[in-house]
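Written below as structure tokens is the structure these notes are about.
The values are calculated or read from the model by the stated rules, or taken from the named source; none is laboratory data. These numbers come from a predicted model, not from an experiment. Please note: Cβ atoms are built from the backbone with ideal geometry, for glycine as well, and neighbour counts cover all protein chains shown. Ligands, DNA and RNA are stripped out before the accessible areas are found, and what is left, the full protein with its side chains, is counted by its heavy atoms. Shrake-Rupley method; radii C 1.70, N 1.55, O 1.52, S 1.80 Å.
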Amino acid sequence: MNKIILKDNFEFKQKAILLVPTFFFLYFSSVGLQTFLNHKIEELNITFFIMLFIFSIIGISLLALTFSRVGFKVLDNDLYKILSFLDFNFYSTKINPKDSKIFSILYKKAFQRNDYLSAGGADVSYNFAIQDFVLLSQNHLEKESIIRLNSEKHSDKLKIFLEESGKLKYEIYSPNFQ
């Protein structure tokens, strides 16, 4: 199985937001575990164990989701987009090229304004380039985005991976309207 891991699933500020409920569930799981270790089992009821189990599962799942990474894998000549945490793939989606196996990279300039930093009146924004990988139809009129990358380093790796492992053909985007 060939695979490539490219980027984090969430940006820094999204991770910071997700860490609040994650720490909430993990904190109460650790308090429940300490309570379990300090008391006899006969003193605890079934509700305690159910809540300990649920809080632990939710906390660990949120932690894995917060620090997950996006990538691609090829399995049995099929291309999958995956989410992984510590080299464990926990979600995958099959990518189906419709009538042809052509992809292209569309380059876009974008900027992002940090509203939470510019409350004092200063305009704090930054420019960056986006590489949008799209699957194309034979005449390039239909396109389907599979991933957007901010790093050209990852873009070059993915292009090579899709050509070699994904059995896709790279073409420059030029729609034919005839």
So for the stretch 6-20 (the condition being β-branched (Val, Ile, Thr), in a helix (DSSP H, G or I) and free of Cβ contacts under 8 Å to residues at least 60 places away in the same chain), does at least one residue qualify? yes
Filter the stretch 131-158 down to the residues that are closer than 23 Å to Lys94 by Cβ, free of Cβ contacts under 8 Å to residues at least 60 places away in the same chain and charged (D, E, K, R), then identify the one that is least open to solvent (accessible area, probe 1.4 Å). Asp132
Can you name the residue in the stretch 33-69 that is under 25 Å from Lys15 (Cα atoms) and open to solvent by less than 50 Å² (accessible area, probe 1.4 Å) and is also farthest from the chain's Cα centre (by Cα) among such residues? Leu52
Output for the stretch 115-142, where each listed residue is of a type in the set (S, T, N, Q), at pLDDT 70 or above and either outside any loop (DSSP other than H, G, I, E, B) or over 26 Å from Asp156 (Cα atoms) (or both): Gln131
Every pair of residues 6+ apart whose Cβ atoms lie under 7 Å, when the first sits in the stretch 159-178 and is hydrophobic (A, V, I, L, M, F, W, C) while the second is open to solvent by 80 Å² or more (accessible area, probe 1.4 Å): Leu168/Lys101
Residues of the stretch 62-94 that turn out to be among the small types (Gly, Ala, Ser) and part of a helix (DSSP H, G or I), as a count: 1
Condition met for Phe72 (of a type outside the set (S, T, N, Q) and either surrounded by 18 or more Cβ atoms within 10 Å (Cβ to Cβ) or without any contact (Cβ under 8 Å) to a residue 12 or more places away in the chain (or both)): yes
Return yes when Phe90 is surrounded by 16 or more Cβ atoms within 10 Å (Cβ to Cβ) and at negative phi and no when it is not. no
